[in-house]
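We did not get these values from a lab; they are worked out from the coordinates using the rules stated. Only a predicted model underlies this, so the values are computations on that prediction, with no experimental measurement involved. Backbone-built Cβ (ideal geometry, glycine too); neighbour counts: all protein chains shown.
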């Protein structure tokens, strides 16, 4: 674990030396309204930033349906910084991925999901003895949308009582960037599916771009 932290600090030092003119990737995640704002600002300045893809994710666990959006961008460092500030001001999570990571890490894997699911996923990775390097992480400071679907069929006066009980714990979102050897990719995807989180292999995104 200490060695991983030292590696991360060394990478951060190298990344900090990149010129402002470099283009970088960025993943921004949060509720639908916030991601709509990011998409709108990106479209208005499409000469400086491009939208690689956007996903709307809905997952159902117990009595709660969790809903969130995330978007992946590629563009000028200054523009990406502006968009990441909008994300942070509105409670979103973001990861800025510098060209250094794309060059030095052959198997970057982006993971997005509710914070508790991400924690469980990382714990399962460790228990399964799958070697993976932790690189970057961010989490929402606002909460994603959630519905308690069991109460939808109840009379309104009962819903007014039960909804707050089910919604005592709001849902935060985490974004994580890891890397691993090619031989571990399928196992990582399998563990991610079990934990109901979204996984993207970074080099697949670059190929599409």
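Details
- Per-residue packing, averaged as other Cβ atoms within 10 Å, sorts the ranges 184-195, 37-48 into the order 184-195, 37-48, beginning with the highest.
- Under the simplified labelling scheme, the residue 181-residue 59 pair shows an inter-label distance of 2.8 nm, with each label point 7 Å from Cα along Cα→Cβ.
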